[in-house]
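What follows is one structure encoded as structure tokens, with my remarks underneath.
Please treat every number below as a calculation from the coordinates, not as lab data. Here the structure is a predicted model, which is why all the values come from computation and not from measurement. No Cβ is skipped: glycine too gets one built from the backbone with ideal geometry, and neighbour counts run over all protein chains shown.
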Amino acid sequence: MSWNYNTSLSRVQAHLDSMGEIEVEKLIRDADLQSLLSETCCREIYGAHVYVDVPNFPDLATMTAEGEDYRRVIQAVHLYEREVARIVEEESIFDGVRIHFQGAKLHALFFRPIDDSTAIAARAVLLQMVLRHFVRSIFNAEFPKLPNLSLCGGADLGSAIGTKNGHRGDRELLFLGAPANYAAKILTGSDHIRVTGALYAALPESLQSYFGETTDDRYNAKVYELGPIAIEDLEASLEEHGIKWDRRASEQRLKDDKATYPLSQIEYSDAEVLIDIDALGITNNKRVLAASVFGDVSGFTAYIDQAEDQDALKTALRVLHAIRKEMASVVKHDFDGVRVQYQGDRVQALFHLPKRNDKDIARRAVHCAIGLESSMELVIKRLLPEAAGLGMATGVSIGETLVSKLGTHGHRDRISIGDSVEEAARHQEGSKCGEIAIPADVHAHLDEELQKLFVWNGDRGLYLGTNITAEKIERARKAELFNQTVFVTSGAAGVHVSSQPTDGSRFFVPSSSYAG
Amino acid sequence: MRVRPKPWYERSNGRELHAEQARVRGHYPDLAFRVDPGSGLMYLTGNIRLRADCGVPTEILVRIVFPTDYPGSEPAAFDAAGIFPVSDDRHIIAGGRFCLWLPPCSRWDKHDPNRLLRFLDEVTVFLERQLIFDVTGVWPGAQCKHGPEGYEELLLSILGGREDHLRIFFPVIAGQRQLGRNSPCLCGSGKKYKRCHGQAVEEITVRLDRNLLNSLYKRSQQVSNAVP
């Protein structure tokens, strides 16, 4: 189980050879994005990207004791997702696009009516208002044995490129560009709903009045935060914008779902063999000790936002698809991990084998992170010189994780939920191009030679490895080789220096080097 | 008018050169022999392609310059593309020259038909060590001290590591003092010099150039005079 240059090279070349001609046009009429978009059929879509998260779920998935309490958490996650998905997608309600759930975090898009920024922005904000009310007043009441859940949200307005990954069984919508990123970036992780200046500016005055201006200290950016709104005012606003959300109907659907999937039907287990997430669902879940890895293509949002014409956009998308497929191959084939999902230009992976063996799990995750870096730096950039300005930023963390698949037939999301999942994502988000960020407990499990390649960063409380590739680890391990006999094999394939003899190798003890 | 002797690679209708080419070609196919038009010196240049276990190739452009008295003296190896910084810690000196070993410790054997292949193998291992230094910041494997101290270290090791013996025998080594073979050894062992340190001193005078030994002796005198 390791990364290999030649394997990676032939994989990426095969991906590029099999990739069709990419087409990127502006979306000018309504369409079903799930059917329209594909790896090669991409659209520039003007819309509002909305992220809504329930930050309590990762804590609950990590901390809740085994048994009925844990089954209740699983039930809550699934039923929350089901009702939220209905609210977002049903034509009679918000008629939006549920891009996917990233754990408990929803990513949705509003693009209808086409190019009508006011109506689109209003829908984005009203969805956040509705979901806040749903969680606080309906969902929490239905789950009194859980702590009260809170909800945070973020939304931005603008153009992003919509595409899709190409695997038959698990196709996912992918959105690339600033609004898809900023909407997630301004999430606070606590009970706040915020929108960017662009989205706020597009809102009708009636909705603007519910927001107050504030500064997001993390990015020193001006954002607008949603204040309280009475349910009567919310219902009036929904009616004004033609959105037919009935809170009593929502409440009833939640009760019906609860009756359909009682706690007695919710099951979970540990995993002895590699999890097949596609076989999971509301009644069949996994709770594992797992390392989460988030690998992000650093610089890609700027790269695609700066594409000046259609050809530049096509090139950027070709680069993305090549990187994306290779990232998945590194996870699945090189390190026997689970690709949970793509999230725009990043991949989320999970390593849970050998079962409950935190040392081997941590090592495998870090080696995968190094494999991602190796593919990017040594292979992708060689085959695609236009990717020269890009790099990988990767975060790793380990802990108790709930793994499942949310949703019903047709559109289902692979998810993993736990504090360590959120931590790995944060570690990645705080990392620069070429960095791998790992916490101390993961670092402690690594070989000494590899540990030395990571440097403690006191400000972040993490170990950071910069530009670590598979060949560098190999060389770090070879450092002791030169005090003894070395074997040199040379020929058309190059020269190989080893501590072990091979056919035709020549050997000697290396000379003491000098300078003078 | 004095006739300039033929360079080594033209002697015997270039037979020596062809033989070297044949020995190297199969093992280092990317290296090619060239003649520098300015100096008339033959050199070998091209990429040495180091292959890691994980398959990653690293190509390093080298230049191996042959001396006029080749194969009497060994060639010199250079970092032709300047990819490694000049640094004592990585044993690369001005002009990108590789300090593969302390010159008296060279294994160059002009009678060995595979001398050039062995030299290239040492260069290859030296490059591999450079790449490791890039990763760890520590020179892998054995190394001598830099400059004159490297030679003093060698003298010391031949004399069994005794600094007092180096101090006592340095005038003899440098030819500043004559010592009869049957004289009592200066180390005070009571043995004859030829049966005690005579062989070590002889080894030193064979391996190291007389002028170099003189300059090392003067340096040692200056250092000992400078000590209060």
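Kindly put A:Asp32, A:Asp447, A:Asp358 in sequence by how many other C-beta atoms sit within 10 Å of each C-beta, fewest to most.
A:Asp32, A:Asp447, A:Asp358
Restricting to Cα atoms and excluding each atom paired with itself, what does the Kirkwood estimate give for the protein assembly as shown in Å?
The answer is 30.5 Å.
Just the number: Rg to Rh for the stretch A:400-516, Cα atoms, Kirkwood Rh, two decimals.
1.18
Which of the peptides A:231-242, A:71-82, A:282-293 is most tightly packed, and how do the rest follow, judged by the mean count of other Cβ atoms within 10 Å per residue?
A:282-293, A:71-82, A:231-242
Can you list the HN-Hα couplings for the stretch B:51-56, worked out from phi with the Karplus curve (6.51, -1.76, 1.60; θ = phi - 60°), rounded to whole Hz and with x for Gly and Pro?
Running phi through 6.51 cos²θ - 1.76 cosθ + 1.60 with θ = phi - 60° gives 10, 7, 4, 7, x, 5 Hz.
Tell me which lysines have Cα within less than 29 Å of A:Lys255's Cα, excluding those fewer than 8 residues away on the same chain?
Leaving aside lysines fewer than 8 places away in the same chain, those within reach of A:Lys255 are A:Lys105, A:Lys145, A:Lys244, A:Lys286, A:Lys405.
Taking springs between alpha-carbon atoms closer than 10 angstrom, which of B:Gln143, B:Gln199, B:Gln21 fluctuates most in the Gaussian network model of chain B?
Checking each option, the largest mean-square fluctuation is seen for B:Gln199.
Treating each Cα of the stretch A:372-412 as an identical point scatterer and ignoring solvent, apply the Debye formula and state log10 I(q)/I(0) at q = 0.27, 0.33 Å⁻¹.
The Cα Debye sum returns log10 ratios of -0.88, -1.14.
Alpha carbon centre of the stretch A:2-71 versus the stretch A:173-207: separation in Å?
19
With 27 Å as the cut-off, how large is the P(r) tail for chain B, expressed as percent of Cα-Cα pairs?
The proportion of pairs with Cα distances above 27 Å equals 49 percent.
Over the stretch A:297-435, what is the relative contact order in whole percent, taking alpha-carbon pairs under 8 Å and six or more residues apart?
Once divided by the residue count of the stretch A:297-435, the mean separation gives 23 percent.
What percent does the relative contact order of the stretch A:9-163 come to when contacts are Cα pairs within less than 8 Å and at least six residues apart?
34
Quick one: order A:Ser18, B:Ser157, A:Ser329, A:Ser416 by neighbouring beta-carbon count within 10 Å, fewest to most.
The order, fewest Cβ neighbours first, is A:Ser18, B:Ser157, A:Ser329, A:Ser416.
Report, to two decimal places, the Cα Rg of the stretch A:336-483 normalised by 2.2 N^0.38 Å (N = number of residues).
1.10
Among A:Lys164/A:Lys332; A:Lys432/A:Lys478; A:Lys478/B:Lys110, which pairs are too far apart, with a Cα-Cα distance over 24 Å?
A:Lys432/A:Lys478; A:Lys478/B:Lys110
Once each part is reduced to its C-alpha centroid, what is the distance from the stretch B:48-76 to the stretch A:482-510 in angstrom?
14
Between the stretch A:138-161 and the stretch B:22-41, what's the alpha-carbon centroid distance in Å?
Centre-to-centre (Cα) distance: 70 Å.
The stretch A:2-56: which GluC sites (Glu not before Pro) are DSSP loop and have at most 14 other beta-carbon atoms within 10 angstrom?
A:Glu21
Quick one: which of B:62-70, A:194-202 comes out on top by average Cβ neighbours within 10 Å, and what's the full order, highest first?
Averaged packing, sorted descending, gives the order A:194-202, B:62-70.
Please identify every one of the trypsin sites (Lys or Arg not before Pro) in the stretch A:103-186 that sits in a loop by DSSP and has no more than 11 other beta carbons within 10 Å of its own beta carbon.
Counting only loop positions with at most 11 other Cβ atoms within 10 Å, the trypsin sites (Lys or Arg not before Pro) in the stretch A:103-186 are A:Lys145, A:Arg168.
Starting from the Cα of A:Asp441, move 7 Å in the Cα-to-Cβ direction to define the label point; list residues of the stretch A:343-369 whose amide nitrogen is under 14 Å from there.
The answer is A:356-363.
Contact order normalised by length for chain A, with contacts defined as Cα pairs under 8 Å and 6 or more residues apart; what percent is it?
15
List the trypsin sites (Lys or Arg not before Pro) within the stretch A:425-500 that fall in a DSSP loop (any state other than H, G, I, E or B) and whose Cβ has at most 11 other Cβ atoms within 10 Å.
Counting only loop positions with at most 11 other Cβ atoms within 10 Å, none of the trypsin sites (Lys or Arg not before Pro) in the stretch A:425-500 qualifies.
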